[in-house]
1. Tell me whether the stretch 287-294 contains one or more residues that are more than 23 Å from residue 60 (Cβ to Cβ), part of a loop (DSSP other than H, G, I, E, B), at pLDDT 90 or above and in the same structural domain as residue 339 (by TED's automatic domain parsing).
2. Counting just the residues of the stretch 1-17 that are at pLDDT 80 or above and surrounded by fewer than 20 Cβ atoms within 10 Å (Cβ to Cβ), which one comes out nearest to residue 324 (Cα to Cα)?
3. Scanning the stretch 228-276 for residues that are over 24 Å from residue 57 (Cβ atoms) and more than 25 Å from the chain's Cα centre (by Cα), which turns out surrounded by the most Cβ atoms within 10 Å (Cβ to Cβ)?
4. Would a scan of the stretch 324-339 turn up a residue that is crowded, with 16+ Cβ neighbours inside 10 Å and either part of a loop (DSSP other than H, G, I, E, B) or at pLDDT 90 or above (or both)?
5. Pairs needed: first member in the stretch 160-173, over 14 Å from residue 115 (Cα atoms) and in the same structural domain as residue 113 (by TED's automatic domain parsing); second member anywhere, surrounded by 24 or more Cβ atoms within 10 Å (Cβ to Cβ) and modelled with pLDDT under 85; C-beta distance under 9 Å; at least 6 residues apart or different chains.
6. Which helices (runs of 4 or more DSSP H) does the stretch 46-138 wholly contain that include 3 or more residues that are modelled with pLDDT of 85 or more and crowded, with 18+ Cβ neighbours inside 10 Å?
């Protein structure tokens, strides 16, 4: 119990969250393989979107970083290091390392581009010849999770910047001929309420997965959720203690899946079927095919298997494709149902 009380801020246990299986699965698969490209969670107000997203970060194993480095640089992977750390390692300097919790960064709705990307001190650069960089939220989120609530209300220009950094793994800041580049590899998680407006299709398509969540209708489940929340608010540590064993099991499962992922293979016949589904649904580009392949591998690794099965593809394909379909304003059929229909035709 004393171990749990050492945590800076009590986090509602992920394994205690009732329902919303689609959102939970999408988050787990993205932390197993961040290259899936993040997840967009759309749903009603008060359905636990923020609670679930904050809870997933608490499940991840700690990461090794260079001490006092603002970019959470990896001690041995050049792709995840800042330029300064690279130079120090090439020079043979010995650098101190430390273990930290996976960063969980919230992007406020009113954030400016400078706050997100960071700023260069032009005056110092011109007068003293020193490149002084004030890191932004993208630097802080490197190797972690960047969460944007109400992403559909965020300025399109900022959404573009976030998606570009998430896809390339780098953030570049340029001012007055001075350029600074740093690693920015993070799982981008956006949430929003469709009543407040949709994201532009070309931005929505850039999110790897799209989870739709609805308010729980069953009275018994609603009572259970309310009771759990009340217990957590009354004494978070007792609630965390009650779910400690389940949290440890899931934590180990995610860590094992991350290690197993490079060994997972997906047969050519399955890849063909995935592409057939994408073709029949008239999905633009190849992002849908790529993400579905990645997600199916992550799902297989999550269940401890090295070979992707048909059932793995069926579990993830709706999450990967439903937001990539062209919307017909007169269409009454749900996009998720449409994906399932085509999957049933091709796979069965």
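The values are calculated or read from the model by the stated rules, or taken from the named source; none is laboratory data. Quick caveat, the model's predicted, so the values are computed rather than measured. Here Cβ is always computed from backbone atoms with ideal geometry, including for glycine, and neighbour counts include all displayed protein chains.
1. No, because not a single residue in the stretch 287-294 is more than 23 Å from residue 60 (Cβ to Cβ), part of a loop (DSSP other than H, G, I, E, B), at pLDDT 90 or above and in the same structural domain as residue 339 (by TED's automatic domain parsing).
2. Taking the candidates together, the pick is 17.
3. Going through the qualifying residues, I end up with 270.
4. Yes, because at least one residue in the stretch 324-339 is crowded, with 16+ Cβ neighbours inside 10 Å and either part of a loop (DSSP other than H, G, I, E, B) or at pLDDT 90 or above (or both).
5. none
6. 49-57
Results for (1) at pLDDT 85 or above; (2) out of contact with any strand residue (DSSP E or B) (no Cβ under 9 Å at 6 or more places or on another chain), shown as yes or no for each residue.
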{"residue": "194", "(1), (2)": "no, no"}
{"residue": "215", "(1), (2)": "no, no"}
{"residue": "227", "(1), (2)": "no, yes"}
{"residue": "230", "(1), (2)": "no, yes"}
{"residue": "236", "(1), (2)": "no, yes"}
{"residue": "243", "(1), (2)": "yes, yes"}
{"residue": "260", "(1), (2)": "yes, yes"}
{"residue": "280", "(1), (2)": "yes, yes"}
{"residue": "284", "(1), (2)": "no, yes"}
